[in-house]
Structure formats: structure tokens, C-alpha cells
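The values are calculated or read from the model by the stated rules, or taken from the named source; none is laboratory data. All values reported here derive from a predicted model rather than from experimental measurement. We place every Cβ from the backbone using ideal geometry, glycine too, and count neighbours over all the protein chains shown. The protein model used for the area step is the full one, side chains on, heavy atoms only, and it has no ligands, DNA or RNA in it. Shrake-Rupley method; radii C 1.70, N 1.55, O 1.52, S 1.80 Å.
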Amino acid sequence: MNCNNLGITVRLITHNNALPIVISAIKTSAGSVKEKGLDYYLNRYIKEKPDKAEEWIRDAVKKYPSVLEHWVFTFFIDGCSRACTHQLVRHRLASYTQESQRYSISFALSSVPEDYIQVGRRATDDELKAKLIGFIEWMKELKTTINGLLLLNGVPDNIIESVINPISKFVVIPPSLSGRELLEFSLQIINSLIEYGTLVLYGVPYEDARYLLPNSMRTRIIVTANLREWLHIVNLRTSPHAQWEIRCVASMVKGKLSEIVPVFN
């Protein structure tokens, strides 16, 4: 599967550059710190023995992974589905901050074409209302187009792709779908989005209107975990038995980690 076509990005925000700390932890456990002192392992060991340091990390993965808990990485995952994050947050030894559907509807309004937005509004509430109305009209137009295509036989893939493309801004579309199945899937997504927007216009709180939103909705999430847990996540979620979307996310995380941590090369 080409993960680049899913519209998902993974960014390493920060890590605590803890390779010297991990080496120091290994040497502390082995009793070597009392001989050469902590500062030697923190400041000189890796410079003098870079190959040996890499060997120690690889051994730690197999024999004493607890030392890897001193190395912490934070990732920003953008564009994956709620179905994907439902799986990700099952890894309990991590911290998560996810885009809220209780306070935010930015997933939809940021992509509404200008032609659909009523102009001349100034108050914040009026601007939101104008964008919502524009979004609903946009979705209704797409719905009409898709209903028309469903009446035809043998619609070319490029036509379907051009019609479905706006939907992919809001949802992750399973790659197993094509042709009529893809049109039917998109139609149901559009129906949900229209009803969601309509409820919000009626004054229904976001936290209640969101019950209409599907698991395919794109989201953003910040994840912080130590290296031992990232090893576990990557090993489990890059397995051929893992679900295709989280497998792509885990593969992208692995790629970022491999730039820093020898064991991921």
C-alpha cells in the first residue's frame, strides 16, 4: 500500500536526545559507573565509542529494555481517521492530546470553497453560520452529482476520483473501495456531514451533533511516549496482521525514529 496517498503526515516534534542517558543507565545497572564516573558516560563515551554505543542500544532492546524508558519522543500525527486513533490510544503507556470534536468543527470549514461562503459578515457567530451554510450547500451539490453517477453504468475512475476528492479532505477513504462502492460510501459520508452541519446551525452543541460523525473523520493527535513503548507500538502495528491505516502511521513513525535511533535502521 502507498501510504503517501492517504493524506496522513507524521512529524517528530521533539525528543530529549537521551542516548547518553540510556548508556549511563546501562552502565549504572552493570556497575561500571562507580569506576569511571557518571560524567564520562554522559559526555565522552559516545564520542569515543560510537559503534559500541549502538551495540549497547541493540542489546538493550533484547535484554534490558527498561533503560529505553529514559528516551522520550513526541509526534504530531495529522490526517489519520478516528478509527485509527481509537486503536492508537489503546497503547496506555503514552500521553495523548487529540483534536476535539466537542469544541471544534474546523475539519469542515477550513476547506469550504469561497464561492459557497456568504460574504459581508463581520461578527464571529455570523461568519461561522455563513461558512456552515456554504459547507452544507457544497455537500448537497456533491450529493446531487454522486446520485447522478449512481444512475450510470461504467463511470470512469478518473471521474469518480474527481468527484470524491473533496470528501477525502474530511475523511480517510479505505483503499479497498472503488467504483460504485466508493460512490455509495461517499454518499453516506456526505449525508452525515449535511445532517451534522444542519444540527449545528439549529444550535445543537458540537458535543451532541458529533454523534452523527463517522469513524472515518480525519483528526489530529499529539502522542508522547518513551522509546520502549514506541518499540512496542511499531513492532505491533507494522505487522502484516495490523489494520492498514495504523500500519501506515506506525511505518511513518518508524521512519522518523530510524533517523535518530540505531535500532530502527
Residue within region 165-172 that is at pLDDT below 95 and in contact with a Pro (Cβ under 8 Å, 6 or more places away or on another chain) present
yes
Matching option when the condition is modelled with pLDDT of 90 or more and open to solvent by less than 60 Å² (accessible area, probe 1.4 Å), among 150, 132, 128
150
So which of 57, 77, 21, 26 is outside any loop (DSSP other than H, G, I, E, B), farther than 30 Å from residue 221 by Cα and open to solvent by less than 80 Å² (accessible area, probe 1.4 Å)?
26
Quick one: residue 165 ticks every box in (1) open to solvent by less than 30 Å² (accessible area, probe 1.4 Å); (2) within 21 Å of the chain's Cα centre (by Cα); (3) more than 24 Å from residue 75 (Cβ to Cβ); (4) not aliphatic (A, V, I, L, M) except a single one, so which number is it?
(1)
When residues of region 236-262 are filtered for being aliphatic (A, V, I, L, M) and either touching a Gly at 6+ places or on another chain (Cβ under 9 Å) or not in a helix (DSSP H, G or I) (or both), how many remain?
3
Are there helices (runs of 4 or more DSSP H) fully within region 133-235 with at least 2 residues that are in contact (Cβ under 8 Å) with a residue 40 or more places away in the chain and not β-branched (Val, Ile, Thr)? List them.
179-201, 206-209
